[in-house]
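Engineer: Quick one: structure below, then a few questions.
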Amino acid sequence: MAMAALRREGRRFAPMISPRPITALRSSPLAPSLEDECPIGVRYISTQVVRNRMKSVKNIQKITKAMKMVAASKLRAIQTKAENSRGLWQPFTALLGDLPSANVKKNVVVTISSDKGLCGGINSTSVKISKGFHKLNSGPEKETKYVILGEKAKAQLVRDSKKDIELIITELQKNPLNYTQVSVLADEILKNVEYDALRIVFNKFHSVVSFVPTVSTVLSPEIVEREAESGGKLGDLDSYEVEGGETKGEILQNLAEFQFSCVMFNAVLENACSEQGARMSAMDSSSRNAGDMLDRLTLTYNRTRQASITTELIEIISGASALEG
Amino acid sequence: MTLNLCVLTPNRIVWDSEVKEIILSTNSGQIGVLPNHAPIATAVDIGILRIRLNDQWLTMALMGGFARIGNNEITILVNDAEKGSDIDPQEAQQTLEIDEMHNLACLFVNVK
């Protein structure tokens with residue numbers, strides 16, 4: 001009875017002697033330095049505070065684990081689609097060639113990014129490449145414009161390149177991606193933007209842990225003609241007899257538009273895969289970090305608890321011995 | 001000598017094997033392709049592709065696209081393709097009616 005009363009007394013004094021460490025704890029988020037920040041003379045911190053922190057860290061860990069699972073299942077769904085669409089642009093490259101080094105006057109950079117965040121660094125790398133391209137290709141004769149797909153790139157590019165942005169498209173993934181949707185989009189872009197070469201910047205999905213930023217080039221039909229005449233890779237184009245329309249130019253125009261929409265479709269799917277994969281790995285590392293933090297907090301909690309019990313015991317014993325002696 | 005035929009759509013590879021002959025319907029009429037055809041790049045209309053394998057003809061419906069023929073390799077890129085055997089006439093009729101209402105873009109487009 002007396003011991004219980006004394007224990008209660010001990011606990012009542014505790015908040016009075018240690019008001020500072022509580023605030024110090026709240027302002028610094030790092031668990032290991034909890035005890036270093038207590039002012040000298042105070043034995044321990046309240047266990048309640050540590051327990052609250054542990055609860056919130058555990059909740060964060062649960063949430064990030066769930067987000068990782070969701071991203072994994074979404075990835076599985078899109079991955080098959082992306083792989084099936086990869087075969088489509090290869091014939092184009094075989095026929096028309098892929099000329100990233102084509103020297104053109106009007107470049108349009110189509111930057112593909114995600115709408116939601118928490119997906120690692122993929123959006124920043126895409127934006128960095130787009131900006132680098134812009135810098136390389138802006139001069140007296142050449143100019144570069146942006147077409148932006150996705151909120152994240154919009155947020156980053158609107159800040160410094162506002163005047164160069166032609167078109168912004170967001171909420172692309174509201175409905176599951178399909179070719180019709182993307183071809184309508186490609187149509188819009190082709191209608192509204194003048195271009196000699198379109199550079200599509202996206203993250204190619206190699207595996208769950210590797211996403212490589214890539215640039216696909218689609219040339220306008222006039223440039224294709226020019227390059228074909230000058231020989232080189234596209235020289236073979238002339239050996240094909242072109243049928244099915246009034247003029248060769250018209251066919252090439254249709255072909256270029258079809259190529260653009262196919263390449264866009266593939267790029268959008270690959271970027272979506274990369275986004276889910278990056279989100280998986282980001283959430284995985286954050287749940288692991290939360291686990292580590294939880295371990296450290298548990299140790300601190302136990303130490304704190306044992307210290308407070310020891311203090312109480314000492315007080316009780318010294319009180320009892322004072323009574324006796 | 002056989003032709004190697006590849007029919008690709010954005011969603012999947014529909015056909016990828018060897019054939020004896022094909023009949024393709026383009027904007028300027030139907031063309032038949034036999035081995036050692038001259039190189040051609042052509043636009044393909046919405047129509048029927050007939051494939052012959054060893055005296056047996058298979059049909060496939062194509063939704064328009066492009067075809068490239070050269071070196072005994074035929075690559076047909078179309079928006080969509082369906083094998084004749086996979087098409088059910090009743091279902092096709094219903095889908096036709098539904099699709100006639102589905103020709104709208106379903107995106108949010110923010111034009112700057």
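Engineer: Give me the pairs: first residue in the range A:303-325 and within 23 Å of A:Q48 (Cα to Cα), second residue aliphatic (A, V, I, L, M), beta-carbon distance under 7 Å, and six or more apart or on different chains, which are they?
Structural biologist: Hits for this filter: A:T304/A:I45; A:T304/A:V50; A:E315/A:L6; A:I316/A:M3; A:I316/A:L6.
Engineer: I've got another one for you. Tell me which residues, restricted to the range A:250-284, are of a type outside the set (A, V, I, L, M), within 14 Å of chain B (Cβ to nearest Cβ) and out of contact with any Phe, Trp or Tyr (no Cβ under 9 Å at 6 or more places or on another chain).
Structural biologist: If we filter the range A:250-284 for residues that are of a type outside the set (A, V, I, L, M), which is where we start, we get A:250, A:253-254, A:257-262, A:265-266, A:270-271, A:273-277, A:279, A:281, A:284.
Adding the requirement that they be within 14 Å of chain B (Cβ to nearest Cβ) leaves A:250, A:253-254, A:257-262, A:265-266, A:270.
Selection gives A:E250, A:Q253, A:E257, A:F260.
Engineer: Quick check on A:T170: is it more than 28 Å from A:K65 (Cα to Cα), without any contact (Cβ under 8 Å) to a residue 60 or more places away in the chain and out of contact with any Cys (no Cβ under 8 Å at 6 or more places or on another chain)?
Structural biologist: No: the conditions fail for A:T170.
Engineer: Across the range B:18-36, which residue is surrounded by the most Cβ atoms within 10 Å (Cβ to Cβ) among those that are assigned to a strand (DSSP E or B) and away from chain A (no Cβ under 14 Å)?
Structural biologist: Looking at residues that are assigned to a strand (DSSP E or B) and away from chain A (no Cβ under 14 Å), I get B:I22.
Engineer: Of the residues that make up the range A:243-254, is at least one assigned to a strand (DSSP E or B) and at pLDDT below 85?
Structural biologist: yes
Engineer: Determine, yes or no, whether B:A41 is more than 8 Å from every other protein chain (Cβ to nearest Cβ) and in a strand (DSSP E or B).
Structural biologist: Values: more than 8 Å from every other protein chain (Cβ to nearest Cβ): no; in a strand (DSSP E or B): yes.
In short, no.
Engineer: Moving on. Does the range B:48-61 contain at least one residue that is over 9 Å from the mean Cα position of the chain (by Cα) and touching a residue at least 60 places away in the same chain (Cβ under 8 Å)?
Structural biologist: No: zero hits.
Residues are listed down the side, and each one gets a yes or a no for (1) at pLDDT below 85; (2) touching a Gly at 6+ places or on another chain (Cβ under 7 Å); (3) within 14 Å of chain B (Cβ to nearest Cβ):
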site: A:T125; (1), (2), (3): no, no, no
site: A:H134; (1), (2), (3): no, no, no
site: A:Y146; (1), (2), (3): no, no, yes
site: A:S161; (1), (2), (3): yes, no, yes
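Engineer: Where residues in the range B:1-17 are without any contact (Cβ under 8 Å) to a residue 12 or more places away in the chain and of a type outside the set (K, R), which of them is farthest from the other protein chains (Cβ to nearest Cβ)?
Structural biologist: B:D16
The values are calculated or read from the model by the stated rules, or taken from the named source; none is laboratory data. This one's a predicted model, so the numbers in the text were calculated from it and none came from an experiment. Quick reminder, even Gly has a Cβ in these numbers, built from the backbone with ideal geometry, and neighbours come from all protein chains shown.
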